[in-house]
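Peer 1: Quick one: this structure, given as structure tokens, is what I'll be asking you about.
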Amino acid sequence: MRIAVASGKGGTGKTTVATSLALCLAANGGSALSPAGPPLLLDCDVEAPNAHLFLRPSWEAVWPVGIPVPQIDPAGCTACGRCAEVCAFNALAILGSGVQVFPELCHGCGSCTLACPEGVITEVVRPIGVLRRGTAQQGIDFGHGELSIGEPMAVPVIRELKRQVNARPGQVVILDAPPGTSCPVVEAVRGSDFLLLVTEPTPFGLHDLRLAVEVGHALGLPMGAVINRDGIGDDSVTRFCENKGIPVLMRIPFERAIARDSALGRTLLETHPEYAPRFRELAGDILRQVEGAR
């Protein structure tokens, strides 16, 4: 089972929920909630990964991520322009009697290499980030990606993280998605069995929750919500969820102590163990929602 934890905006407590859910499943490994033992948590927020600050994994493997970009042999290039024509991302342009490559715009699709009538385009790998895998608290399998500073495209790193950091058979996978509703979020949650949306009861929270729900509907994912900082704002988020048929599976109250401990890099279950039964109930509700959707 793959559970994606997402939010329409940053700062809602998405990582707090993802790490707490992982710790809960690790503590209940071998049960119906996590039959294959501790889960695999993938931090897909590759532009600003932070789940490792809470779970403190021991890194066991690090490897680079790159995308293939075109390299053109000027001796054989006729500047016919075919490569620039087929590039959907404007990563190539004809300038005078040659072709200019803009590597930062290249998505590595390989169309230019296939289309070149002279066969003078080869591909070289351009590093754009790294992947790490290790073991975190309570035996949690952990992986994250980190996009290199200045690189514009997070999607290839997320894609490789999901492809290369594999789960064991029957292992629950928790994907801590990037904030927002753009392409990196879509790539992170694609293929999940359940989308858990973390929101807050504020006008901004409601606005961005609407967008996140649209993404979930477009991908055909069953959804549930966690309302964090409950007690501030109003009941508009609750009413929205009721109208859309999205169950509110948990509420976490607005408490200064929770925010303080989070700022110190301590997990919610570490500082507030009374939440453990509530996260077990959350995991059970998600399992029932997934089974009901199949």
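Peer 1: If you check every pair at least six apart or on different chains, which have Cβ atoms under 8 Å apart with a residue in region 33-48 that is touching a residue at least 60 places away in the same chain (Cβ under 8 Å) first and a residue that is part of a loop (DSSP other than H, G, I, E, B) and among the small types (Gly, Ala, Ser) second?
Peer 2: Between residues of region 33-48 that are touching a residue at least 60 places away in the same chain (Cβ under 8 Å) and residues that are part of a loop (DSSP other than H, G, I, E, B) and among the small types (Gly, Ala, Ser), the close pairs are 35/170; 36/170; 37/30; 40/167; 41/136; 46/154; 47/154.
Peer 1: Only one residue in 234, 208 is assigned by TED's automatic domain parsing to the domain that holds residue 15 and surrounded by fewer than 22 Cβ atoms within 10 Å (Cβ to Cβ). Which one?
Peer 2: Details: 208 fails: surrounded by fewer than 22 Cβ atoms within 10 Å (Cβ to Cβ).
Step by step, each of 234, 208 is checked, and only 234 is assigned by TED's automatic domain parsing to the domain that holds residue 15 and surrounded by fewer than 22 Cβ atoms within 10 Å (Cβ to Cβ).
Peer 1: Anything in region 126-158 that is among the aliphatic types (A, V, I, L, M), over 14 Å from residue 44 (Cα atoms) and assigned to a loop (DSSP other than H, G, I, E, B)? List them, or say none. Lay out the reasoning, then the answer.
Peer 2: Here is the first cut: in region 126-158, the residues among the aliphatic types (A, V, I, L, M) are 128, 130-131, 136, 140, 147, 149, 153-155, 157-158.
Narrowing further to those that are over 14 Å from residue 44 (Cα atoms): 128, 136, 140, 149.
Residues satisfying the conditions are 136, 140, 149.
Peer 1: For residues that are modelled with pLDDT of 95 or more and part of a strand (DSSP E or B), scanning just region 8-60, find the one that is nearest to residue 163 (Cα to Cα).
Peer 2: The extreme case among them is 42.
Peer 1: Residues of region 42-93 being aromatic (Phe, Trp, Tyr) and closer than 30 Å to residue 259 by Cα, which ones?
Peer 2: Of the residues in region 42-93, the ones aromatic (Phe, Trp, Tyr) are 54, 59, 63, 89.
Of everything in region 42-93, those that are aromatic (Phe, Trp, Tyr) and closer than 30 Å to residue 259 by Cα turn out to be 54, 59.
Peer 1: How about region 245-274: which of its residues are under 30 Å from residue 220 (Cα atoms) and touching a helix residue (DSSP H, G or I) at 6+ places or on another chain (Cβ under 6 Å)?
Peer 2: 248, 249, 250 - these are the residues of region 245-274 that are under 30 Å from residue 220 (Cα atoms) and touching a helix residue (DSSP H, G or I) at 6+ places or on another chain (Cβ under 6 Å).
Peer 1: Right, another one. Restricting to region 159-190, name every residue that is under 23 Å from residue 12 (Cα atoms), not basic (Lys, Arg) and not in a helix (DSSP H, G or I). Quick ask: steps written out before the conclusion?
Peer 2: Within region 159-190, the first condition is being under 23 Å from residue 12 (Cα atoms), and the residues that meet it are 173-190.
So of that shortlist, the ones also not basic (Lys, Arg) come out as 173-189.
Hits for region 159-190 are 173, 174, 175, 176, 177, 178, 179, 180, 181, 182.
Peer 1: Out of all the residues in region 191-201, which are crowded, with 18+ Cβ neighbours inside 10 Å and in a loop (DSSP other than H, G, I, E, B)? Outline the logic, then answer.
Peer 2: Just the residues of region 191-201 that are crowded, with 18+ Cβ neighbours inside 10 Å, to begin with: 192-201.
Residues satisfying the conditions are 192, 193, 200, 201.
Results for (1) touching a strand residue (DSSP E or B) at 6+ places or on another chain (Cβ under 6 Å); (2) among the aliphatic types (A, V, I, L, M), shown as yes or no for each residue.
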{"site": "2", "(1), (2)": "yes, no"}
{"site": "22", "(1), (2)": "yes, yes"}
{"site": "25", "(1), (2)": "yes, yes"}
{"site": "48", "(1), (2)": "no, yes"}
{"site": "60", "(1), (2)": "yes, no"}
{"site": "88", "(1), (2)": "no, yes"}
{"site": "93", "(1), (2)": "yes, yes"}
{"site": "98", "(1), (2)": "no, no"}
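Peer 1: If I filter region 8-64 down to residues being within 16 Å of residue 196 (Cα to Cα) and basic (Lys, Arg), which single residue comes out as surrounded by the fewest Cβ atoms within 10 Å (Cβ to Cβ)?
Peer 2: So the residue we want is 9.
Peer 1: Same structure again: Among the helices (runs of 4 or more DSSP H) confined wholly to region 232-289, which include 1 or more residues that are over 17 Å from residue 213 (Cα atoms) and without any contact (Cβ under 8 Å) to a residue 24 or more places away in the chain?
Peer 2: Values: elements: 236-244, 256-263, 268-271.
Once the helices (runs of 4 or more DSSP H) in region 232-289 are filtered for at least 1 residues that are over 17 Å from residue 213 (Cα atoms) and without any contact (Cβ under 8 Å) to a residue 24 or more places away in the chain, what remains is 256-263, 268-271.
Peer 1: Could you tell me which residue of region 139-162 is farthest from residue 175 (Cα to Cα), considering only residues that are of a type in the set (D, E, K, R) and more than 12 Å from the chain's Cα centre (by Cα)? Please lay out each step first, then the result.
Peer 2: So in region 139-162, the residues of a type in the set (D, E, K, R) come out as 141, 146, 151, 159-160, 162.
Next, from what is left, pick out any that are more than 12 Å from the chain's Cα centre (by Cα): 141, 151.
Numbers: 141: 12, 151: 22 Å.
If we take residues in region 139-162 being of a type in the set (D, E, K, R) and more than 12 Å from the chain's Cα centre (by Cα), then 151 is farthest from residue 175 (Cα to Cα).
Peer 1: List the number of the failed condition for residue 125; all other conditions in (1) closer than 14 Å to residue 68 by Cα; (2) surrounded by 15 or more Cβ atoms within 10 Å (Cβ to Cβ) hold.
Peer 2: So the condition that residue 125 fails would be (2).
The values are calculated or read from the model by the stated rules, or taken from the named source; none is laboratory data. All figures in this text were calculated on a predicted structure; none of them were measured in a lab. Ideal geometry is used to build each Cβ from the backbone, glycine not excepted, and the neighbour counts take in all protein chains shown.
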